[in-house]
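Q: First, the structure itself, so that you have it in front of you.
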Amino acid sequence: MVSERVLIIVPAFNEGRVISRLVKELRTLYPKYDVLVINDGSVDATPREAQEAGATVVTLPYNLGIGGAVGTGLRIADEENYDVALQIDGDGQHDPAFLKDVLNPVLNGRLDLSIGSRFLSRESAFKSTFLRRIGIRFFSGLLGLMTGVRLSDPTSGFRAVSKTLIPYFARYYPVDFPEPEAIQMANRFGAKIGEVPVKMRKRLGGISSIRYFSVLYYMAKVTFAILIDVLKKKK
């Protein structure tokens, strides 16, 4: 039996201090899977450190943000006919030991979009800020209302995408703060969506992708994008 081809997508912006450690962890734990680092316009040693650690590196000409980086990886996964694309952050926040837990529901056909939730695991030492938790709870309620799927961690970027769903995301993936909007999109495409418990660590490098925006702005912008997607025709 031919084993499934899995592409691990690692979006990275100025993660030169930690990216080597992450790639080595991934290569050691999952030697059969391909590791693709999307260097999102970094100005430090991120691409060199990632390549020397054993990853394939694609460098974007300038910083596109998390959505642009992940979307690039998903287009490559589609073009190269991968069975599963798995996203894990380049800052070391996501514990690679839990990658299999996120991946398995997709490999066994139970889910098309498997999301790693920090709130379902008692082992996780990671704590969000108070305002961030408000945003997470808000999107949990909104997406539950829109999709009928109750998720505890809809902003998590630790997620796996099935071969069925990859082509849809390859054609268009949300650019700004993509995680909640991508869930609504997946629902519109008829995807099976669910969560698994994972452990998240303290951020080892980089800074939050929403550092330039207030939580209220983030909530308003993503809410608008989700509601617009709800109005689109189901596929």
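The values are calculated or read from the model by the stated rules, or taken from the named source; none is laboratory data. Note that the coordinates shown come from a computational prediction; the quantities given were computed from them, not determined experimentally. Backbone-built Cβ (ideal geometry, glycine too); neighbour counts: all protein chains shown.
Q: Can you say whether E25 is in contact with a Pro (Cβ under 7 Å, 6 or more places away or on another chain), modelled with pLDDT of 95 or more and surrounded by fewer than 20 Cβ atoms within 10 Å (Cβ to Cβ), as far as the supplied structure shows?
A: Details: in contact with a Pro (Cβ under 7 Å, 6 or more places away or on another chain): yes; modelled with pLDDT of 95 or more: yes; surrounded by fewer than 20 Cβ atoms within 10 Å (Cβ to Cβ): yes.
Yes.
Q: Separate question: Give the residue that is surrounded by the most Cβ atoms within 10 Å (Cβ to Cβ), with candidates limited to residues of the stretch 153-176 that are of a type outside the set (V, I, T) and in contact with a Pro (Cβ under 9 Å, 6 or more places away or on another chain).
A: Selected residue: P154.
Q: I'd like to check which strands (runs of 3 or more DSSP E) are fully inside the stretch 1-117 and have at least 3 residues that are over 13 Å from G157 (Cα atoms).
A: Of the strands (runs of 3 or more DSSP E) lying wholly inside the stretch 1-117, those with at least 3 residues that are over 13 Å from G157 (Cα atoms) span 34-39, 56-59.
Q: Could you check the stretch 86-118 and list, in sequence order, the residues that are touching a helix residue (DSSP H, G or I) at 6+ places or on another chain (Cβ under 6 Å) and of a type in the set (S, T, Y)?
A: Selection gives S114 alone.
Q: Take A125 and tell me if it is surrounded by 15 or more Cβ atoms within 10 Å (Cβ to Cβ) and either at pLDDT 85 or above or touching a Lys or Arg at 6+ places or on another chain (Cβ under 9 Å) (or both).
A: Working: surrounded by 15 or more Cβ atoms within 10 Å (Cβ to Cβ): no; either at pLDDT 85 or above or touching a Lys or Arg at 6+ places or on another chain (Cβ under 9 Å) (or both): yes.
No, not satisfied.
Q: While we're here: In this structure, does D89 turn out to be at negative phi and either under 14 Å from the mean Cα position of the chain (by Cα) or of a type in the set (K, R) (or both)?
A: yes
Q: Here's another thing I want to ask about it. A45 passes all but one of (1) surrounded by 17 or more Cβ atoms within 10 Å (Cβ to Cβ); (2) of a type in the set (G, A, S); (3) out of contact with any strand residue (DSSP E or B) (no Cβ under 7 Å at 6 or more places or on another chain); which number fails?
A: (1)
Q: Sticking with this structure for a sec: If you take the residues in the stretch 50-69 that are surrounded by fewer than 24 Cβ atoms within 10 Å (Cβ to Cβ) and either touching a Lys or Arg at 6+ places or on another chain (Cβ under 9 Å) or of a type in the set (S, T, N, Q) (or both), which one is modelled with the lowest pLDDT?
A: N63
Q: A further question on this structure: Limited to the stretch 70-98, what total is found for residues that are under 23 Å from V196 (Cβ atoms) and surrounded by 19 or more Cβ atoms within 10 Å (Cβ to Cβ)? It would help to see each step written out before you state the result.
A: First, pick out the residues of the stretch 70-98 that are under 23 Å from V196 (Cβ atoms): 70, 73-74, 77, 82-98.
Those still in the list that are surrounded by 19 or more Cβ atoms within 10 Å (Cβ to Cβ) too: 70, 73-74, 77, 82, 84-96, 98.
Here the count works out to 19.
Q: Output the residues belonging to the stretch 149-204 that are touching a Ser or Thr at 6+ places or on another chain (Cβ under 8 Å), free of Cβ contacts under 8 Å to residues at least 60 places away in the same chain and assigned to a loop (DSSP other than H, G, I, E, B).
A: Within the stretch 149-204, R150, L151, S152, D153, P154, S156 meet the criteria.
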